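Peer 1: Once you've had a glance at the structure underneath, I'll fire off some questions.
The values are calculated or read from the model by the stated rules, or taken from the named source; none is laboratory data. Every value quoted in this text rests on a predicted model; they were computed, and no experiment measured them. Reconstructed Cβ throughout: ideal geometry from the backbone, glycine too, with neighbour counts over all protein chains shown. Ligands, DNA and RNA are stripped out before the accessible areas are found, and what is left, the full protein with its side chains, is counted by its heavy atoms. Shrake-Rupley method; radii C 1.70, N 1.55, O 1.52, S 1.80 Å.
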Amino acid sequence: MPADSDNSDRHDALTPPFMPSAPSAPSGTGAKSAVGGQVSAPGEHASPPPSCWQLAVAFGSVGATGFGGVLPWARRMVVDQKQWLTDREFAELLPLAQLLPGPNVANIATVLGRRFQGPRGAASAVAGLYFCPTIVIILIGFAYAQWGQTQVVQHLLSGLMPAATGLVIATALRLLAGLERHWSTLTFAAATFVGSFVFGLPLLAVLGVLGPCAILMAYHLRRQRDADRMRPPPDAA
């Protein structure tokens with residue numbers, strides 16, 4: 001009887017860790033890189049991945065409402081609303097989207113659609129992204145040919161410029177907030193800004209020089225953190 005009691009107690013002690021549970025990890029912790037392939041987005045364990053239709057509708061809403069550039073709206077949908085990526089994962093995915101040929105947001109839609117539903121998901125996300133803008137651009141083209149030179153339209157377009165600029169600046173600040181707090185991060189960000197904006201160098205040339213340096217620095221910092229984590233504390237002995 002004591003042996004049975006010990007076995008029962010041992011079974012009860014081992015049961016909870018193997019019970020199915022869906023804890024939601026805090027945002028920005030325990031997530032792998034969005035560029036590396038597998039990404040654990042917030043809430044991913046608690047809900048299934050979006051379907052092709054959901055991808056098309058989500059990116060369709062970005063294309064339909066993304067006035068003044070769709071990147072701020074895409075980040076708001078992916079990070080804040082759907083929570084498919086964290087701020088840091090989106091910041092890691094954006095340089096890859098900029099290096100690939102084509103619009104940045106279309107590349108982001110392709111990567112996320114491929115991640116969730118394979119090639120069909122990538123096609124659905126890109127098709128949803130471009131469906132509404134294509135219809136709207138055709139209609140606006142006809143309207144601009146008729147009334148584009150009027151003062152009302154010119155004032156309207158001039159008034160949209162500050163709002164679009166503010167959206168781009170706000171998105172840049174949110175991306176910087178999601179980066180790792182280290183002097184090298186700010187250094188490479190500032191060097192990229194100076195090279196591309198101040199000196200007017202081609203973006204591919206700037207990223208071709210600074211990109212490998214930033215990757216090597218991030219790899220060195222990751223190995224250093226892993227070594228510090230594995231090193232026992234001084235008073236452990």
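Peer 1: Tell me which residues, restricted to the stretch 82-123, are β-branched (Val, Ile, Thr) and part of a loop (DSSP other than H, G, I, E, B).
Peer 2: Step one: of the stretch 82-123, the residues β-branched (Val, Ile, Thr) are 86, 105, 108, 110-111.
Passing the criteria: only Thr86.
Peer 1: Let me ask something else about it. Residues in the stretch 155-173: is at least one farther than 24 Å from Gly69 by Cβ and open to solvent by 100 Å² or more (accessible area, probe 1.4 Å)? Even if it seems obvious, please write down each step before you answer.
Peer 2: Pass one, the stretch 155-173, residues farther than 24 Å from Gly69 by Cβ: none.
Among the residues of the stretch 155-173, not one is farther than 24 Å from Gly69 by Cβ and open to solvent by 100 Å² or more (accessible area, probe 1.4 Å), which makes the answer no.
Peer 1: Moving on. So, in the stretch 46-72, exactly how many residues are touching a residue at least 12 places away in the same chain (Cβ under 8 Å), part of a helix (DSSP H, G or I) and under 13 Å from Leu129 (Cα atoms)?
Peer 2: Matching residues across the stretch 46-72 total 13.
Peer 1: Looking only at the stretch 124-146, decide whether some residue is farther than 16 Å from Gly66 by Cβ, part of a helix (DSSP H, G or I), of a type outside the set (Val, Ile, Thr) and in contact (Cβ under 8 Å) with a residue 24 or more places away in the chain. Write out each step before concluding.
Peer 2: At the first step, the residues of the stretch 124-146 found to be farther than 16 Å from Gly66 by Cβ are 124, 138-139, 141-146.
Of the ones still in play, those that are also part of a helix (DSSP H, G or I) are 124, 138-139, 141-146.
With of a type outside the set (Val, Ile, Thr) added as a condition, the list becomes 124, 139, 141-146.
Right, trim to in contact (Cβ under 8 Å) with a residue 24 or more places away in the chain and you get 124.
Yes, because at least one residue in the stretch 124-146 is farther than 16 Å from Gly66 by Cβ, part of a helix (DSSP H, G or I), of a type outside the set (Val, Ile, Thr) and in contact (Cβ under 8 Å) with a residue 24 or more places away in the chain.
Peer 1: Out of everything in the stretch 128-154 that is modelled with pLDDT under 85 and open to solvent by 100 Å² or more (accessible area, probe 1.4 Å), what residue ends up being nearest to Pro50 (Cα to Cα)?
Peer 2: Once the filter is applied, the top-ranked residue is Tyr144.
Peer 1: Moving on to the next point. Residues in the stretch 189-197: is at least one modelled with pLDDT under 85, closer than 23 Å to Asp87 by Cα and of a type in the set (Val, Ile, Thr)?
Peer 2: Within the stretch 189-197 (the criterion being modelled with pLDDT under 85, closer than 23 Å to Asp87 by Cα and of a type in the set (Val, Ile, Thr)), the answer is no, since none of the residues qualifies.
Peer 1: Check Ala172 against each of (1) at pLDDT 85 or above; (2) closer than 18 Å to Glu92 by Cβ and name the one condition it does not meet.
Peer 2: Answer for Ala172: the failing condition is (1).
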